[in-house]
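Data block below; observations after.
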Amino acid sequence: MGERIKSEIAVVLVSGGMDSCVTAAIAHREYEMAFLHINYGQRTEHRELQAFNAIADYYNVTRRLVVNLHHLRQIGGSSLTDTSLGIPGANLHRKEIPSSYVPFRNANILSIAVSWGEVIRARKIFIGAVEEDSSGYPDCRKEFYDAFNHAIKLGTKPDADIIIETPIIRLHKSEIIKKGIELKAPFHLTWSCYQREDLACGVCDSCALRLRGFYIAGKEDPIPYLKKLVYL
């Protein structure tokens, strides 16, 4: 029996990383997916775009939008976009917000997603935000998305009826990995590293969170690393 016809459209924000890939796998169960990707001048921009297109190909997504937000690089304030700032080494127990935080990035991205969603009559916007196992980024908190949903209701046409979905926001990385394996998410196509495009560095926060998640889940991470350490 073939796949059932999906009548509603969901915009899925796909960075090319593991969390957005699993979020896409979740959305794929019920919605026709439209993929949105943002280039914002990040160090691994080309590699992330490659991962985005590979994941889109995997799910046969034809409706894709790639937007350049290079003003975020001009604004600066983040080690992801400002090469004069060093990428901090992994510290999964820090209390302060790390320099890798891109100021209000997710609000910029969600605004584009809502605009596109109105035009293509999408009912959902899926984003792979993770609260507990993020690096403490303020725009990854559930309260932020609750507030943004209220703003969408106030700022769109009455019949738009668009809602942001954050299906993995309360999960740990190991739980996200197990969910992805259950849904056959293509982890081998993803890229999470903050600073390298050939081999994942293995020493930035993003690599560390990912490696710890796979270790706790008891699974092998399929992407190549320069250093493959275990973080607990």
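Readers should treat all values here as calculations from the given coordinates under stated rules, not as data from a laboratory. This structure is a prediction, so every number in the text was calculated from the model and none was measured. Please note: Cβ atoms are built from the backbone with ideal geometry, for glycine as well, and neighbour counts cover all protein chains shown.
Worth a mention:
- Förster radius 22 Å - calculated FRET efficiency between PHE104 and HIS46, Cβ distance, rounded to 0.05: 0.40
- Which labelled figure in [x] 17.2, 51; [y] 28.1, 110; [z] 17.0, 55 is Rg and Dmax of the Cα atoms in Å, once derived from the coordinates: [z]
- GluC sites (Glu not before Pro) lying in DSSP loop within the range 127-195, provided at most 13 other Cβ fall within 10 Å: GLU132
- Positive-end extreme of charge dipole, the range 52-168 - chosen from LEU85, PHE126, ILE97 (charges on Cβ): PHE126
- Each Lys and Arg contributes +1 and each Asp and Glu -1, all at the Cβ; summed about the Cα centre of the range 9-192, the dipole is approximately 120 debye.
- Ordering SER115, SER15 by the number of other Cβ atoms within 10 Å of each residue's own Cβ, fewest first, gives SER115, SER15.
- Full-extension gain in nm, THR156 to THR83, via 0.36 nm per residue minus C-alpha separation: 22.5 nm
- Shape call, the range 66-140: gyration tensor on alpha carbons, a/c limit 1.5: oblate
- Residues whose amide H comes within less than 5 Å of that of PHE126, counting only those at least five positions distant or on another chain, are VAL11, VAL12, LEU13, GLU165 (H built at 1.01 Å from N in the peptide plane).
- Here's how it looks for GLN195: its modeled amide H is under 5 Å from those of CYS201, which are all 5 or more places away or on a different chain.
- Ascending count of other beta-carbon atoms within 10 Å, so fewest first, for ILE125, ILE169: ILE169, ILE125
- When the chain is described by a simple charge dipole with +1 on each Lys and Arg Cβ and -1 on each Asp and Glu Cβ, the residue from GLY155, TYR40, GLY213 located farthest towards its positive end is GLY213.
- Selection from GLY76, LEU189, ALA107, by position along the positive dipole direction of the chain (Cβ): LEU189
- Fraction of antiparallel bridges per DSSP, the chain only, in percent to nearest 5: 5
- Segment ILE112-LYS184, extension gain: residue separation times 0.36 nm, minus the distance between their alpha carbons: 23.1 nm
- Loop-located GluC sites (Glu not before Pro) in the range 26-75, at most 13 other Cβ atoms within 10 Å (DSSP): GLU30
- Within the shell of other residues whose beta carbon sits under 15 angstrom from the beta carbon of THR83, the net charge comes to 0, with Lys and Arg scored +1 and Asp and Glu -1.
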